[in-house]
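Novice: Structure below; questions to follow.
The values are calculated or read from the model by the stated rules, or taken from the named source; none is laboratory data. What you see is a predicted model, and the numbers here were worked out from it, not measured in a lab. When we count neighbours, we look across all protein chains shown, and the Cβ atoms used for this are built from the backbone with ideal geometry, even at glycine.
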Ligand SMILES: [Zn+2]
Ligand SMILES: [Zn+2]
């Protein structure tokens, strides 16, 4: 038996639609389910039992909205979790979000691709954008949760169900506010996992007229109630590389009469990372790692073709700009004496996500107002990629990490089939985004800069 959180009981119930009224009414302890492996998973608390950690932090309209709709927020997340969709196929997700927004009197606009939404709340020339991504991953869920994926081979293992839900809750809570100091634009972004949804949102005018843009990502290493912030780069650039090698091939006794393809590949495998480390600033955290090497079969035959594939990451924007021509130069220099031909394919991914200083201070002000100043913790730059970085090429903004770990039990990483989150984070997420939007709009309207964030 796997116990994620000892607060929850672990009895078995397998035939409950997680989105049903019955599921909402279940008492704790009767909502466990068997996983594919036959394990009994921990039961989730009922929707109405999910605690609002920030209750009482105000403003009164936000406290009141969450008291009334907290269970709805959990229900939305469980629905989205049970019905995940891959990048650029988020049609059902888009329709579901649109339905809730429209029912609240808002007017969402679907992106030209047919998935993802843009929706404004409030009015006036000042505008802050909040982004939540909505796509799932091609993995088979193993949580055994009551609300587990009903789609074979697809699951929300990156928490984008929570991101979409938090943004939806924020939209509806803000729509219930008696007044707002400006406009809040909600960006329900598709296709983050394939690193292109942000560009689609920008192309659709998602950042037009926006003063600042903010976003959150679930962090399973951070306890619920905490939010990780950082000035500067918080994720890294990530490019894909492939090199295809060709040679006439031949007998291994006569390498001088052909191009020794395997030796040439070995030269690039070890030589390219080494040369890179001498041609780029080591402080840029640039790292090239090969993930696939294929060539040859027989021990006594020099093969005619081979392929190398890998990722090239860097934490520094200026370095990222220089990498493509530099790689081209170094691969050419390494292979010139070998007599082996090659084709280099370099796909630039996303830029590093670099948090702007004032925007980071604003998100910290939002966290403090929402949950208290003990909620803010420092976070590190990850070597992973995040396409929110494209937004910050266009407008100032900041991205933070939302604690989703229950505080006890194993910490399951993002992109693991067993990933799940503590649903109290849905409500802390709504509070943080709502307060960040208010802090940002108020700062813009005062015409004041904000305090300097700790570096
Ligand atoms: Zn992901
Ligand atoms: Zn993600």
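Novice: If you scan the range 276-285, which residues turn out to be touching a helix residue (DSSP H, G or I) at 6+ places or on another chain (Cβ under 9 Å) and at pLDDT 95 or above?
Specialist: Within the range 276-285, 276, 279, 280, 281 meet the criteria.
Novice: Now, a different point. Among the residues of the range 274-286, is any part of a strand (DSSP E or B) and either under 30 Å from residue 355 (Cα atoms) or out of contact with any strand residue (DSSP E or B) (no Cβ under 6 Å at 6 or more places or on another chain) (or both)? It would help to see each step written out before you state the result.
Specialist: Step one: of the range 274-286, the residues part of a strand (DSSP E or B) are none.
No.
Novice: Here is a list of conditions, (1) part of a strand (DSSP E or B); (2) within 16 Å of ligand 2 (Cβ to nearest atom), and residue 86 meets all of them except one; can you say which number that is?
Specialist: So the condition that residue 86 fails would be (1).
Rundown of residues vs (1) surrounded by fewer than 17 Cβ atoms within 10 Å (Cβ to Cβ); (2) assigned to a strand (DSSP E or B); (3) in the same structural domain as residue 335 (by TED's automatic domain parsing); (4) in contact with a strand residue (DSSP E or B) (Cβ under 6 Å, 6 or more places away or on another chain), yes/no style:
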position: 205; (1), (2), (3), (4): yes, no, no, no
position: 209; (1), (2), (3), (4): yes, no, no, yes
position: 228; (1), (2), (3), (4): no, yes, no, yes
position: 243; (1), (2), (3), (4): no, yes, yes, yes
position: 256; (1), (2), (3), (4): yes, no, yes, no
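Novice: Give the residues of the range 150-159 that are in a loop (DSSP other than H, G, I, E, B) and within 16 Å of ligand 2 (Cβ to nearest atom), sorted by residue number.
Specialist: Result: 154, 156, 157, 158, 159.
Novice: Here is a further query. Scan 318, 297, 324 and give me the residue that is surrounded by fewer than 18 Cβ atoms within 10 Å (Cβ to Cβ), modelled with pLDDT of 95 or more and under 37 Å from the mean Cα position of the chain (by Cα).
Specialist: Working: 318 fails: modelled with pLDDT of 95 or more; 297 fails: under 37 Å from the mean Cα position of the chain (by Cα).
Just one listed residue meets the conditions, 324.
Novice: Now for a different question. Check 198, 173, 162 and return the single one that is in a helix (DSSP H, G or I), in contact (Cβ under 8 Å) with a residue 24 or more places away in the chain and away from ligand 2 (no atom under 16 Å from the Cβ). It would help to see each step written out before you state the result.
Specialist: Values: 198 fails: away from ligand 2 (no atom under 16 Å from the Cβ); 162 fails: away from ligand 2 (no atom under 16 Å from the Cβ).
Of 198, 173, 162, the one residue that is in a helix (DSSP H, G or I), in contact (Cβ under 8 Å) with a residue 24 or more places away in the chain and away from ligand 2 (no atom under 16 Å from the Cβ) is 173.
Novice: Also, quick follow-up: Looking only at residues in the range 114-141 that are away from ligand 2 (no atom under 16 Å from the Cβ) and surrounded by fewer than 18 Cβ atoms within 10 Å (Cβ to Cβ), which one is farthest from residue 171 (Cα to Cα)?
Specialist: That would be 140.
Novice: Among the residues of the range 187-202, what is the count of those that are within 12 Å of ligand 1 (Cβ to nearest atom) and more than 16 Å from residue 214 (Cα to Cα)? Please lay out each step first, then the result.
Specialist: Initial filter on the range 187-202 (within 12 Å of ligand 1 (Cβ to nearest atom)): 191-195, 197.
Right, trim to more than 16 Å from residue 214 (Cα to Cα) and you get 191, 193-195.
Looking only at that region, the number is 4.
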